[in-house]
């Protein structure tokens, strides 16, 4: 009987240990799955539908710009004065904001335009003279590239690398009437103050780059006046109708 009792106790101990082991496995907390993500610029999520488009399709969007809706400052808060983001690790300009007042506009209107003494990142050694035929049939003949302000000189922007991009002529001013591209919202803000409105106007600009390209393929601009007369979010395309752009080297090639 003693042998049976001892064997029974040993058997019960083994079963008990096995049960404990099973419970430990069941109650073990599962380790969360960690994914390695590469952080991109703040505006990389903006207008994702445009990222897959080529130059030809982009250039036919409006007058080299497209209104996306009402101004959205959720990515970049606007404060009093003028502020410029640091250049990134490739020396590319990132963002700029301003709360533009009537006094700012009047001061810039009365002052001579500031000379640009620096080249923006990606500026080519040779700026070719070309003829660009815009989608409306009008043409531009002159240098392909402009030192394009993120916040315009006429709105108080400074001629510094943090506020300049290598932009195609249409990116800077649009078509023949110079009322598209970056000039689209710039003109609206100037006209707003010209018509006697006091403002201020909150203004933000963020560039989008693909990978290690030195030139932005598009730029997001937001502008909203305190009275709501201006309230737009716009994408500006760094393209030229009929031309192919290498965004790393700034080399261009006519496509027709």
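Every number in this text was worked out from the coordinates using simple rules, so none of it is lab data. This is a predicted model, so every value here is computed, not measured. Don't worry about glycine lacking a Cβ; one is built from the backbone with ideal geometry, like all the others, and counts go over all protein chains shown.
Before moving on, here are some points about what is shown:
- Each residue in the stretch 190-210 was checked for being over 20 Å from the mean Cα position of the chain (by Cα), crowded, with 18+ Cβ neighbours inside 10 Å and not in a helix (DSSP H, G or I), and 3 of them qualify.
- Tally, over the stretch 216-238, of residues that are farther than 15 Å from residue 184 by Cα and crowded, with 23+ Cβ neighbours inside 10 Å: 1
Residue by residue, here is whether (1) within 24 Å of residue 160 (Cβ to Cβ); (2) in contact with a helix residue (DSSP H, G or I) (Cβ under 7 Å, 6 or more places away or on another chain) holds:
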site	(1), (2)
63	no, yes
69	no, no
77	yes, no
85	yes, yes
92	yes, no
100	yes, yes
107	yes, no
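- Filtered residue count, the stretch 86-107, keeping only those that are surrounded by fewer than 18 Cβ atoms within 10 Å (Cβ to Cβ), touching a residue at least 60 places away in the same chain (Cβ under 8 Å) and within 16 Å of the chain's Cα centre (by Cα): 4
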